[in-house]
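To keep things clear, I will list the structure first and then write my remarks on it.
The values are calculated or read from the model by the stated rules, or taken from the named source; none is laboratory data. Predicted, not measured: the structure shown is a model, and the values here were computed from it. Here the Cβ is made from the backbone with ideal geometry for all residues, glycine too, and neighbour counts use every protein chain on show. Only protein heavy atoms, including side chains, enter the accessible area calculation; ligands, DNA and RNA are left aside. Shrake-Rupley method; radii C 1.70, N 1.55, O 1.52, S 1.80 Å.
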Amino acid sequence: MNCRHCGSALRCDFLDLGFAPPSNAYLTAEDLSKPELYFPLRLKVCEECWLVQTEDYASAESLFSADYAYFSSASKGWLAHAARYVETITRRLGLDRKSMVVEIASNDGYLLKNFVAAGIPCLGIEPTASTAEAAEALGIPVRREFFGEALGKALAEEGKSADLILGNNVYAHVPDINDFTRGMKAALKPGGTITLEFPHVMRLIEENQFDTVYHEHFSYLSLYTARKIFGSAGLRVFDVEELPTHGGSLRVYGCHADDPRETTDAVTTLLAEEERRGLRTSALYAQFQARAEQVKNDALAFLLEAKREGKTVAAYGAAAKGNTLLNFAGVKPDLLPFVCDAAAAKQNKFMPGSHIPILHPDTIVERRPDYVMILPWNIAAEVRQQLASLAEQGTRFVTAVPRLQIA
Ligand SMILES: [Zn+2]
């Protein structure tokens, strides 16, 4: 296999999580008596451009099915993050009623609704029918397509070139990252700005976040690599921010290569930091597998020990990262009888692979387990707050990543 960005042969292994079903392929009771599709879940790193990437296995269309269940608005913390972003970027770029904002992967309108409220014209791009419908119900125009060069050019021809193109947690999810980047170039007005947020591979490595690896997530990016990809499409990264979201993300700011805005010191500083931490050496990537296995083994040992002691355990958050951990560890309902999630679309379904039932959050309060394992550790503080009444009654909270913690 060759690198998705630069075409070099991929020789360096990064992570092998065995085989797993697509992490968002939640199952109905009926599905449980049918065969389930598993794909290899392996990552390699390119030693030319340092793009960490999944091995090829399946087309994007088969993974993002019409009933894809992730609704961004389910997380209050994420909604607040989106509202803050809209306020800041509107001020920084001076956006107004004559501007055009395009969000790629606009999901259920969790972010664009803030632009609608401010009277700033916007357009969402979202191929998933259920979330696109939710956004349209909020008055947000949505194109139900995958974004790439063809759509970027079409938008420009239709007079929908953007002053701001934004994409949160989509850049790492596209199979053809070059085509996607050329699409942004095509749809960006002269003087326009791109902002993309994606998990920072430097944090993934340092914080053992192997569970953020899943099939739908094709690329794991450093600033160095993102800059290279932007550059190859005639764009330039001129600023960057480090964000605490999703265990440590980058927000990169892009513009046309010939834009007069100067590249900030933040870019130079972070590039140097990545180099200092070894992100351009094979050695750093080669040692990650052993660390992922350690985290997995500790989580499994905890569940086995709790079972032996007759303690009850439940999980909170039927997130994709939970599926990666549980399937890598081979956990089934005998060790983890149920998981609760606030998203109605997931309730009364089953986790792919592990077949653990997903129930309404009230259940966890009623049953008062001895331990609650919080699978989406990135929102652990929010979950602990929601379940404060359980803690008062003696329930302890467990997170597996970056290392097993029982609080
Ligand atoms: Zn490469």
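Structure above, values below:
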item	result
Built amide H within the under 5 Å cut-off of residue 250, gap 5+	198, 200, 243
Whichever lysines have a C-alpha closer than 24 Å to that of residue 160, once near sequence neighbours (fewer than 8 apart) are set aside	98, 113, 185, 189
Reference-scaled alpha-carbon Rg (2.2 N^0.38 Å with N residues) for the chain	0.98
Segment 289-406 shape via C-alpha gyration tensor axes, a/c threshold 1.5	rounded
FRET efficiency, residue 8 to residue 158 (Cβ-Cβ, R0 45 Å, nearest 0.05)	0.75
Sorted peptide list for 341-352, 28-39, 101-112, criterion being average Cβ within 10 angstrom, highest first	101-112, 341-352, 28-39
Positive-end extreme of charge dipole, the chain - chosen from 161, 191, 406 (charges on Cβ)	406
Residue among 44, 98, 153 with the largest mean-square fluctuation in a Gaussian network model of the chain, springs linking Cα atoms under 10 Å	98
Diffusion coefficient, µm² s⁻¹, Stokes-Einstein with Kirkwood Rh over alpha-carbon pairs of segment 189-285 at 20 °C and 1.002 mPa s	152
Burial order of peptide ranges 260-270, 353-363 (average beta-carbon count within 10 Å, highest first)	353-363, 260-270
Relative contact order %, the chain, counting alpha carbon pairs below 8 Å whose residues are six or more apart	15
Charged-residue dipole, Cβ positions (Lys, Arg, Asp, Glu), segment 289-406 about Cα centre, Debye nearest 20	220
Residue among 291, 276, 203 with the largest mean-square fluctuation in a Gaussian network model of the chain, springs linking Cα atoms under 10 Å	276
Nearby aspartates and glutamates by direct alpha-carbon distance to residue 307 (threshold 15 angstrom, same-chain neighbours under 8 apart not counted)	298, 334, 370
Chain lengthening between residue 38 and residue 96 when straightened (0.36 nm per residue, less Cα-Cα)	16.1 nm
Accessible area of segment 171-324 divided out per residue, in Å², using a probe of 1.4 angstrom	36
Anisotropy class of segment 72-285 from Cα gyration tensor, a/c 1.5 cut	prolate
Heavy-atom SASA rank of 181, 312 (probe 1.4 Å, accessible area, largest first)	312, 181
Computed over segment 289-406: relative contact order in percent, which uses C-alpha pairs under 8 Å that are six or more apart	28
Choice from 334, 370, 239 with maximal GNM fluctuation in the chain (Cα, 10 Å cutoff)	334
Cβ-placed point charges (K, R +1; D, E -1), dipole of the chain about Cα centre in debye, nearest 20	420
In sequence order, calculated HN-Hα J values of segment 320-332 (Karplus, 6.51, -1.76, 1.60; Hz; x Gly/Pro)	4, 5, x, 5, 4, 4, 5, 6, 5, 7, x, 7, 10
Separation of the residue 305 and residue 281 label points, Cα + 7 Å toward Cβ, nm	3.4
Relative contact order computed over segment 72-285 (Cα-Cα under 8 Å; 6+ residues apart), in percent	15
